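We did not get these values from a lab; they are worked out from the coordinates using the rules stated. Small disclaimer: the values here were computed from a predicted structure and weren't measured. Using ideal geometry, Cβ is built from the backbone for each residue, glycine included, and neighbour counts are taken over all protein chains shown.
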Amino acid sequence: MSVYSWIELLAMIAVPPTQDCRSVADPGARLSCYDAREAASASPVSNAAPAAPTGPVARSAPPPASPAVSTEPTGRVAAVTALRYGLFEVRLADGRLFETASNAISPPAVGASVRLRRSVLGTIFMDVPGRPPITVRSRRSHQ
């Protein structure tokens, strides 16, 4: 016998041919066929305790609840002044002063209600209804 014949023989012994369970007419017998096929393909169960997961899976926890984001306006635009390089200074009615951080946007209209929010990293966003948020820097607090 050649080596290839031995390999073919061992392969036939190690992996019994599977029956086509779809062709079994009786529902109970078909279910038994699928169960037997699943049991044959399952890995052997060891008596050792399962290993504890490591990495991010081991420390998985539900994400922290995000604070409720208010949709109430926190100010009204009192004045908008054009600065150099396409930036704008936005003054709110309560005296707070902000400078836009990007020149790719147009400033909010005078009289518009805005909502200010701060990201986790400290970036301040000015939300104006109906447009994308504007990234701003605080220049002066209340006077």
What is the extension gain from residue 34 to residue 120, computed as 0.36 nm multiplied by their sequence separation minus the C-alpha to C-alpha distance, in nm to one decimal? 25.8 nm
Per the rule of 0.36 nm per residue minus the C-alpha distance, extending residue 93 to residue 22 adds in nm 18.1 nm
Hey, what's the per residue convex hull volume over the C-alpha atoms of region 75-140, in cubic angstrom? 82 Å³
Sum of side-chain charges, residue 26 neighbourhood, beta-carbon under 15 Å (Lys, Arg +1; Asp, Glu -1): 0
